[in-house]
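The values are calculated or read from the model by the stated rules, or taken from the named source; none is laboratory data. Computed from a prediction, not measured in an experiment: that's the story for all the values here. Note that we place each Cβ from the backbone using ideal geometry, even for glycine, and neighbour counts take in every protein chain shown.
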Amino acid sequence: MYAEFSEKERKIADYILSNPQALVHSTINQVADDLLVADATVFRFCKRIGFSGFQAMKIALASEAARPEAAVTDVIQDTDSEKAVATKVFESTIQTLQDTIHTFNQKHIHDAVRFICEANRVVFYGCGGSSAIALDAHEKFLQTDIATVAYTEPHLQCLSAAKLTSHDVAVIISHSGSDQNVLNLLQAVQGKGAKTIVITQFSKSPLSQKADVPLFTVSQNTDYRSAAVSSRIVEMSIIDALYVNILLKTKDGNDAILQKKKETNTVRSGTPS
């Protein structure tokens, strides 16, 4: 939610994140005094992020603050067996997915699904390591009656953006959300009036702040894995979530397409229908 916060809300959020364990032992008056804001501002912030009040947030925060200490054993060690390393890699990916779920915004997901359903054409733009995700999204959505295409090369992305209209939707996938080529692409797309959905890391990136609908991923660097690696798994999961939502919304129109796909797969496998 950070990208959506007001200036005062970000001030409170930064205060909490800078020293969560100290805040657990503070009162709402102390926090308000430290930040030079009203008690009511802090209380409204707690409500905004889903708690009944300051005390409820402190209880949840106390639980969260204890998690890193318990997770020390999850760090990959030189002495770990092959199975232990594999297990920790999988558990790290699972945690990334669970952390991303907490960033989901009902309105954003609803708007993303609605934009795609109503679009004349959906263009997937993959940037850097996310290029493969754009191609996978295009292939996935070919199983619907929605017209889609994917571009991963910067020059072709700019050329295609110039041909968009206000009836089209651009889905831009970028882990960093701050590359200048990506920002130029977003500006070109919005200049043609097309709706924009971005899938990017959970941050105050320029891409997420300027898009019509931001969908966030949460991933962290470790000693042996970059955040970009785990983010691609989450990006693919977000695309899949949009795909399933859209299938449900357009079930009648897509049933014939899905049936034909099943028949094609049956023929390829050599299994009698």
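Remarks
- Residue check for Ser81: surrounded by fewer than 16 Cβ atoms within 10 Å (Cβ to Cβ) and either touching a residue at least 40 places away in the same chain (Cβ under 8 Å) or not assigned by TED's automatic domain parsing to the domain that holds Ala241 (or both): yes
- Qualifying residue in the stretch 24-42 (condition: within 22 Å of the chain's Cα centre (by Cα) and free of Cβ contacts under 8 Å to residues at least 12 places away in the same chain): no
- Only one entry of Ala170, Ala150 meets the criterion of being under 15 Å from Ala112 (Cβ atoms), among the aliphatic types (A, V, I, L, M) and surrounded by 19 or more Cβ atoms within 10 Å (Cβ to Cβ), and that entry is Ala170.
- Within the stretch 156-205, the set of residues being under 29 Å from Lys11 (Cα atoms) and either outside the structural domain of Leu242 (by TED's automatic domain parsing) or of a type in the set (Asp, Glu) (or both) comprises Asp179 only.
- Candidates Lys195, Lys140: the one that is surrounded by fewer than 22 Cβ atoms within 10 Å (Cβ to Cβ) and among the basic types (Lys, Arg) is Lys140.
- Tabulated pairs, the stretch 180-202, first without any contact (Cβ under 8 Å) to a residue 24 or more places away in the chain, second part of a strand (DSSP E or B) and hydroxyl-bearing (Ser, Thr, Tyr), C-beta under 9 angstrom, 6+ apart or interchain: Gln190/Thr196
- For the stretch 209-219, filtering for residues that are modelled with pLDDT under 85 and surrounded by fewer than 24 Cβ atoms within 10 Å (Cβ to Cβ) leaves 2.
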